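Below is the structure I would like to discuss, written out as structure tokens.
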Amino acid sequence: EVFMPFNASLIIIVSTRYEIGRHDPTRWIAWNANLKAIAQDPRNIIAANNRYDAEYLKYFTGLDDVPVIPNFCDYVGVSYKPTRTQILVGPGRGIKDTLFRALESIGKSRGGFIFKRVRDLYPHFEYADLAAHPAIILIPYQVSIMSIFEYYRMALPIFVPTPRLLAKWQVQYKVISERSWNLVRNKPHRGSPLPPAPKYAHLPDPNDEIHADKIEFWIKYADFYQWPHIITFDSFEQLCTLLKTTDLHQISDKMKLYNQQMKADLQQQWQSIFRRIFHHLPPASIQLRKQILNYDQAMAQRFHVRVPRDKCVGDQHNFLSSS
């Protein structure tokens, strides 16, 4: 928002629920107004780094064009090479003891599987340590986590509970402890303080942490349900069966192929974004863009808004008449 009055394109990529820092309804509404004003300029980009946050942003703003521009995390620099026997349970934090003990017990009785939480086994680890294990069981604390991108880039086979099972655990244990800011702020019984955009009024509240069916509707957009070759299980018993019967090397090979495709698609996506931003614009070395030096005048001309003198800049504003 600080950069709104400057005569330059804006690229906004939201993650982990875009109202961060704007939990007060008045401030959240003002943020929505700013986003909609920014979106009116075709040279600006409003996107999300995951499908969940893209749909979440649409729900509250009514914006239609919110592309997903994922992280890639190619820096891991290692690939799947299983030499160790333990099956990892990740990510590195947020795994409930009750669930882990149940998994340990069933694993021992259903095939002698040894499950280890990442941080129990490796207080400090290299990516090569993780890639040396047969697979990782994901019990996520968030719908989009950098660790998951890293696991996928190293082609480490990933097993994750189905949306139905994860929604059930969410009601019982609040396993996705950072899915909503209500949970982070220890107010799980509150829903969203804002209504949805009218076109999305028929959809369930994404901040409902009480009803499993509403949670299940929204978590289907999580990264681990959007990417191919991630294996889902509906019980720990089924998980053990899948671990016995799945060709993990074949899964890893398919993940490697998808990594190549995703990288190529992402490069094309960014090229398209840059063409959209700079189409028919001369380079700044040839022609600088004109800049209005007065903040209020720049906001009025670029976004047709008036910033009240008694409000924090960027926090609230009034839209000027289009006339």
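If a residue counts only when it is closer than 19 Å to C240 by Cα, which helices (runs of 4 or more DSSP H) contained entirely in region 73-137 have at least 1 such residues?
On the way: elements: 97-109, 118-121, 127-131.
Once the helices (runs of 4 or more DSSP H) in region 73-137 are filtered for at least 1 residues that are closer than 19 Å to C240 by Cα, what remains is 97-109, 118-121.
Further question: Can you report the number of residues in region 1-19 which are aliphatic (A, V, I, L, M), touching a helix residue (DSSP H, G or I) at 6+ places or on another chain (Cβ under 7 Å) and at pLDDT below 95?
Counting residues in region 1-19 that are aliphatic (A, V, I, L, M), touching a helix residue (DSSP H, G or I) at 6+ places or on another chain (Cβ under 7 Å) and at pLDDT below 95 gives 1.
Looking at P228, P157, P206, can you tell me which residue is under 29 Å from Q261 (Cα atoms) and open to solvent by less than 30 Å² (accessible area, probe 1.4 Å)?
On the way: P228 fails: open to solvent by less than 30 Å² (accessible area, probe 1.4 Å); P206 fails: under 29 Å from Q261 (Cα atoms).
When all the criteria are applied, what remains is P157.
Please specify each residue of region 23-48 satisfying the condition of being of a type outside the set (S, T, N, Q), touching an Asp or Glu at 6+ places or on another chain (Cβ under 9 Å) and more than 23 Å from Q271 (Cα to Cα).
R27, W28, A30, W31, listed by residue number.
Within region 16-26, does at least one residue satisfy the condition of being among the hydrophobic types (A, V, I, L, M, F, W, C), in contact (Cβ under 8 Å) with a residue 12 or more places away in the chain and open to solvent by less than 50 Å² (accessible area, probe 1.4 Å)? Don't jump to the end; show me each part of the working.
Within region 16-26, the subset among the hydrophobic types (A, V, I, L, M, F, W, C) is 20.
Narrowing further to those that are in contact (Cβ under 8 Å) with a residue 12 or more places away in the chain: 20.
From what's left, open to solvent by less than 50 Å² (accessible area, probe 1.4 Å): none.
No; the residues of region 16-26 include none that is among the hydrophobic types (A, V, I, L, M, F, W, C), in contact (Cβ under 8 Å) with a residue 12 or more places away in the chain and open to solvent by less than 50 Å² (accessible area, probe 1.4 Å).
Still on this structure, I have one more. State whether the residues of region 38-47 include one that is touching a residue at least 60 places away in the same chain (Cβ under 8 Å) and among the charged types (D, E, K, R).
Yes, region 38-47 has at least one match.
Pick out the one residue from H202, H211, H189 that is farther than 23 Å from I145 by Cβ and touching a Pro at 6+ places or on another chain (Cβ under 8 Å).
Numbers: H202 fails: touching a Pro at 6+ places or on another chain (Cβ under 8 Å); H189 fails: touching a Pro at 6+ places or on another chain (Cβ under 8 Å).
Only one candidate passes the filter, namely H211.
Test each condition in (1) out of contact with any Phe, Trp or Tyr (no Cβ under 6 Å at 6 or more places or on another chain); (2) outside any helix (DSSP H, G or I) for L257 and report the one that comes out false.
(2)
Sticking with this structure for a sec: Do we have any residue at all in region 253-274 that's open to solvent by less than 100 Å² (accessible area, probe 1.4 Å), at pLDDT 90 or above, β-branched (V, I, T) and within 31 Å of the chain's Cα centre (by Cα)?
yes
Conditions (1) open to solvent by less than 30 Å² (accessible area, probe 1.4 Å); (2) within 24 Å of F274 (Cα to Cα); (3) not in a helix (DSSP H, G or I), marked per residue:
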| residue | (1), (2), (3) |
| --- | --- |
| A30 | yes, no, no |
| A37 | yes, yes, no |
| P42 | no, yes, yes |
| A47 | yes, yes, yes |
| L63 | yes, yes, yes |
| V66 | yes, yes, yes |
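Give just the number: which of (1) surrounded by fewer than 19 Cβ atoms within 10 Å (Cβ to Cβ); (2) hydrophobic (A, V, I, L, M, F, W, C); (3) modelled with pLDDT under 95 does I95 not satisfy?
(1)
The values are calculated or read from the model by the stated rules, or taken from the named source; none is laboratory data. Computed from a predicted model, the values in this text were never measured in an experiment. Ideal geometry is used to build each Cβ from the backbone, glycine not excepted, and the neighbour counts take in all protein chains shown. Areas reflect the complete protein model, heavy atoms only, side chains present, ligands, DNA and RNA absent. Shrake-Rupley method; radii C 1.70, N 1.55, O 1.52, S 1.80 Å.
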